[in-house]
Every structure is written in structure tokens, then in C-alpha cells.
1. For the range 327-353, which residues satisfy the criterion of being open to solvent by 40 Å² or more (accessible area, probe 1.4 Å) and not in a loop (DSSP other than H, G, I, E, B)?
2. For the range 69-91, indicate whether the set of residues that are under 24 Å from Ile290 (Cα atoms), assigned to a strand (DSSP E or B) and open to solvent by 30 Å² or more (accessible area, probe 1.4 Å) is non-empty.
3. Please determine whether any residue of the range 183-199 is more than 12 Å from ligand 1 (Cβ to nearest atom), in a strand (DSSP E or B), more than 30 Å from Lys94 (Cα to Cα) and in contact with a Ser or Thr (Cβ under 8 Å, 6 or more places away or on another chain).
4. Looking only at the range 376-395, decide whether some residue is assigned to a loop (DSSP other than H, G, I, E, B), away from ligand 2 (no atom under 16 Å from the Cβ), under 35 Å from the mean Cα position of the chain (by Cα) and farther than 22 Å from Asn327 by Cβ.
5. Please go through (1) modelled with pLDDT of 95 or more; (2) away from ligand 2 (no atom under 15 Å from the Cβ) for Asp364 and return the number of the only condition it doesn't satisfy.
6. Which one is least open to solvent (accessible area, probe 1.4 Å), of the residues in the range 397-439 that are charged (D, E, K, R) and closer than 19 Å to Ala358 by Cβ?
7. Can you spot a residue in the range 364-371 that is away from ligand 1 (no atom under 16 Å from the Cβ) and within 29 Å of Gly250 (Cα to Cα)?
Amino acid sequence: MADLRANLAGIKSPNPFWLASAPPTNSGYQIMKAFDAGWGGAVWKTLGVPVQNVSSRYGALNYRGKRMMGFNNIELITDRPLNVNLKEIEEVKKYFPDHAVIASLMVQSREEWHQIVKDVENAGADGIELNFGCPHGMCERGMGSAVGQEPDVLQTITEWVMEVATIPVIVKLTPNISDITVPARAASRAKADAISLINTIQSVIGVDLDTLVPHPIVDGQSTNGGYCGPAVKPIALNMVKNCAQDPEVGLPISGIGGIETWRDAAEHILLGSSNVQVCTAVMHYGFGIIREMTSGLDQYMNDKGFKTLDDMIGKSLQTVKKWEHLNLHYKVVAEINDDKCIGCQLCYTACEDGAHQAIGLSGDGENRVPHIIEENCVGCNLCALVCPVEECITMDRRDDGTKHDTWSQRGDRGEQPTTFNDDKAGGLHHWVPTVQDALKQIKESKA
Ligand SMILES: Cc1cc2nc3c(=O)[nH]c(=O)nc-3n(C[C@H](O)[C@H](O)[C@H](O)COP(=O)(O)O)c2cc1C
Ligand code: SF4
Ligand code: SF4
């Protein structure tokens with residue numbers, strides 16, 4: 001068995017799976033049950049300034065049979081009294097001393113920050129997470145993402161917290177910003193112990209076409225919400241990677257966003273997360289998903305020879321470069337496995353209309369089967385991505401692997417194309433059907 005014990009900036013947990021600050025961590029009742037089910041830690045639903053929540057609160061993007069592919073909420077921080085939450089933190093820690101309980105906080109003045117930090121420390125929290133990410137409601141009041149979008153303010157408030165905190169402090173970042181490393185660096189300058197990301201992405205999930213009101217609807221009106229769930233994982237992974245690769249950030253990362261299975265968690269860890277947090281997947285399927293997450297990660301680590309999480313954290317980072325350092329001589333083309341092909345022609349349509357006209361059809365009518373026109377194929381992957389049959393279209397390497405040249409190296413040698421019609425540009429010699437070819441086909445189809 002692999003050693004799944006995790007350590008984020010000194011906060012230890014039996015495994016790297018934490019519940020993110022959200023409805024599943026609203027109460028001691030829920031967190032007790034989650035720990036019993038196998039979760040390693042929980043970030044308490046954000047405590048702080050008094051709020052009142054609205055009804056309704058959530059909306060979802062269902063995509064072709066998959067419920068809650070994306071999830072949207074307009075909920076604020078906790079509306080339960082602070083003293084009740086503090087009491088429950090204390091109780092949970094009594095029953096689960098080895099599990100991580102993190103207090104997520106959001107207040108305004110320096111005095112309030114000092115007070116609430118002391119309160120949660122006294123209650124026995126193992127760490128503090130600063131919610132600088134909520135992109136709805138709280139930001140209108142100058143908190144949440146309003147702080148996360150202003151690196152100087154983020155730094156100042158984090159410094160206030162660091163003045164009194166004696167337990168590790170995690171700064172939770174908002175993705176509603178063009179360069180995530182800017183606030184991450186500000187957290188680092190403020191001497192925070194770690195960062196967590198991402199919080200939700202500001203969004204309108206959709207419009208009710210009968211009432212014309214966007215979801216979720218509150219008495220005939222709506223407001224922008226925060227987007228999360230499986231759909232946001234690629235955005236989260238990119239931001240985690242950016243922070244992990246930036247030496248000026250240099251902080252441990254708690255990865256959040258779109259994690260539903262052990263595979264999602266593994267991807268976050270490989271791109272630099274020391275542990276992970278989960279919200280939407282638990283709101284969808286409940287605490288029980290932890291069993292497959294831990295056993296799946298354990299199995300994967302065993303298969304790959306990772307004995308501890310430290311062996312695995314950030315292992316993919318060395319393969320992620322700036323575009324200008326990619327090998328321009330690397331060449332793949334699509335190959336169709338005729339034995340697997342069911343003749344649906346999806347690949348043909350995709351390549352013909354959406355890519356490079358590199359798939360032909362042979363045979364008659366319904367029975368036509370696709371073949372790759374190799375000299376036209378740019379190796380874009382599209383046909384393999386649309387093909388509904390697993391491993392039916394594969395990408396096959398055609399260069400012999402001996403040549404390596406990048407855009408950056410070409411620049412160093414003064415060999416980059418410099419004018420719009422420059423002969424050195426890549427696509428110039430690529431075969432493309434002509435306007436006349438299109439005209440011919442249009443006429444034929446109308447004949
Ligand atoms: C209904 C709801 C309420 C949330 N409340 C909070 C909160 O109080 N504090 C916080 O830091 N993040 C909050 N979040 C954001 C989550 O902690 C998490 O960052 C985000 O949902 C992305 O993770 P996911 O894709 O696993 O859902 C909330 C998310 C949802 C869906
Ligand atoms: S890889 Fe791209 S260009 Fe090549 S056949 Fe497939 S879709 Fe067409
Ligand atoms: S998409 Fe796949 S299964 Fe369908 S025709 Fe193309 S190769 Fe065959």
C-alpha cells in the first residue's frame with residue numbers, strides 16, 4: 001500500500017482528500033460523518049460577517065445526459081452563529097484529533113481578523129483558510145473576490161492575519177483574474193503558509209426561456225453566481241500549474257476545482273497540488289465517493305511506484321513548457337483501425353468541416369468508410385477525439401525523432417518568419433482545397 005498521509009504546510013491529514021469550504025462542511029454533524037466515511041480533512045464553511053442567504057441558490061449545466069457537468073451558486077458564507085460553529089469545531093476535533101479541520105474565514109477590519117483568528121485557534125482548528133475568492137454577494141461588500149482581485153489588499157489582509165496566527169494560514173485564491181500568479185505572489189510576500197485554488201468562476205449558468213430570467217431565480221430575478229464542478233477542472237489545473245511553476249510563488253498548493261474521482265485528484269497532484277479539496281462532487285454523490293478516491297489513488301501510486309505523495313507531487317511539471325519550446329519537427333498523423341470502425345462518419349464530418357479535409361470516404365451511400373489522406377493530415381487529434389469507438393483512431397508518429405527545433409531556437413538563429421507572406425511560415429506549403437472545389441461540391445449537391 002502507498003502512504004497516503006498528506007502534509008500541507010504542516011497541516012497533517014490521513015489522506016490528501018479534504019472537503020472544500022461549502023455546504024458539505026456547513027456543520028459538525030456533516031464533518032463527523034465525512035471523517036467517518038474516510039475524508040482526511042475539511043475546510044469549514046466560511047465563518048465571518050453576518051449574512052442572510054436567499055432561496056433559491058443553485059443552478060446546473062446538464063450536458064448531454066450528464067447532470068451537473070457545471071454547477072453554479074449564489075450562496076454567501078455561513079449564516080449559522082459563530083459561537084455554534086466554534087463549539088462544533090471543538091467537538092469534531094475531540095472525536096477526530098488526527099483529521100485536519102481548517103477554518104475558512106471572511107471578515108473586514110483588522111480587529112475583526114485578529115479576533116476571529118484567535119477564536120478559531122482557541123476552538124482547536126488545525127489551520128486557517130482566507131476566503132478571498134467568493135465572486136458573488138460578498139464581493140459587492142468589498143470581501144471575497146474583491147480582495148483576491150487586488151493583490152495589494154490581499155497582501156495587507158494576509159499580513160494582518162499573520163500578525164496573530166500561530167497555526168498555518170492558507171490563502172484561497174479567486175480564478176476571476178487574468179494572471180493567477182499575481183495574487184499568489186502577493187500571498188507569498190505576506191508570508192502565508194500555503195495557497196488554495198480555485199474558488200468559483202463568476203458566471204450566469206443559463207436563462208429560463210419561458211420566464212426570461214436567468215437561473216437561479218429569486219422571486220423573478222437573478223444575479224451572477226460562482227461556477228464549479230467537472231467543467232472547471234481544466235481551468236483549475238492550469239492555474240495550479242502556473243502557481244507551482246512560479247519560483248516567486250514558492251508555496252505549497254491545495255488544489256480545488258472539478259475533482260470527482262481519484263484520477264482528477266491525481267492530475268491536480270501531478271501538476272503541483274500537495275493535497276486536494278472537493279465540493280461539487282460531494283454535493284452530487286455524497287461523502288461515500290471517498291472510498292473509491294482513496295483506493296484508486298492508492299492503486300495508481302502503487303502501479304507508478306510512488307511510495308509517498310511527495311514522490312508524486314508536481315511530477316508532471318517538467319513536461320509543461322511554454323509553447324515556444326515545443327518541437328516543431330514532431331509529426332503525428334491519424335490512423336483508423338478498420339476492424340473497430342463502425343462507419344458513423346463523425347470523423348469525416350469533423351475533419352472536412354472543422355479541420356483539414358484529410359479524411360476521404362470510400363464505398364457507396366450508407367456503407368462508406370473513412371480513410372486518412374495522409375499528406376493532408378496535420379495531426380490535430382480532432383478525429384480521434386470525436387470518434388465514439390475507443391482506440392479506433394490513434395495518432396501515429398511519422399518523424400524519426402532525430403530532429404528537434406523550436407520557435408524559440410528559430411528566433412535565436414534569426415529564422416522565424418517575419419512577414420505575413422513569409423516562405424518560412426508553417427502552413428504555406430500545406431494542401432488546402434480551393435474555392436472552386438467548394439463551388440463544384442455545392443453545385444453537385446443541388447443537382
Ligand atoms: C454552494 C457552494 C457554496 C460555496 N461556499 C463557499 C464558501 O463558503 N467558502 C469558500 O471558500 N468556497 C465556497 N465554495 C467554493 C468551493 O469551496 C470550491 O472552491 C469550488 O466549488 C470549486 O470546487 P468544486 O469544483 O469541487 O466544486 C462554494 C461552492 C459551492 C458550490
Ligand atoms: S488528425 Fe486532424 S487533420 Fe488529421 S485526419 Fe484527423 S481531424 Fe483530419
Ligand atoms: S468516427 Fe470512428 S467509428 Fe466513426 S467512421 Fe470515423 S473512425 Fe469509424
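The values are calculated or read from the model by the stated rules, or taken from the named source; none is laboratory data. From a predicted model like this one, the values you see are computed outputs, not experimental measurements. Using ideal geometry, Cβ is built from the backbone for each residue, glycine included, and neighbour counts are taken over all protein chains shown. Each accessible area value is taken on the protein alone, full model and side chains, heavy atoms only, with ligands, DNA and RNA left out. Shrake-Rupley method; radii C 1.70, N 1.55, O 1.52, S 1.80 Å.
1. Glu335, Leu346, Tyr348, Thr349, Glu352, Asp353
2. Within the range 69-91 (the criterion being under 24 Å from Ile290 (Cα atoms), assigned to a strand (DSSP E or B) and open to solvent by 30 Å² or more (accessible area, probe 1.4 Å)), the answer is yes, since at least one residue qualifies.
3. No, the conditions are met nowhere in the range 183-199.
4. Yes, the range 376-395 contains a residue that is assigned to a loop (DSSP other than H, G, I, E, B), away from ligand 2 (no atom under 16 Å from the Cβ), under 35 Å from the mean Cα position of the chain (by Cα) and farther than 22 Å from Asn327 by Cβ.
5. (1)
6. Applying the filter and picking the extreme gives Asp399.
7. Within the range 364-371, none of the residues are away from ligand 1 (no atom under 16 Å from the Cβ) and within 29 Å of Gly250 (Cα to Cα).
So that you can scan it fast, the table gives a plain yes or no per residue for (1) more than 11 Å from the chain's Cα centre (by Cα); (2) touching a residue at least 12 places away in the same chain (Cβ under 8 Å):
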position	(1), (2)
Ile180	yes, yes
Asp208	yes, no
Gly229	no, yes
Lys233	no, yes
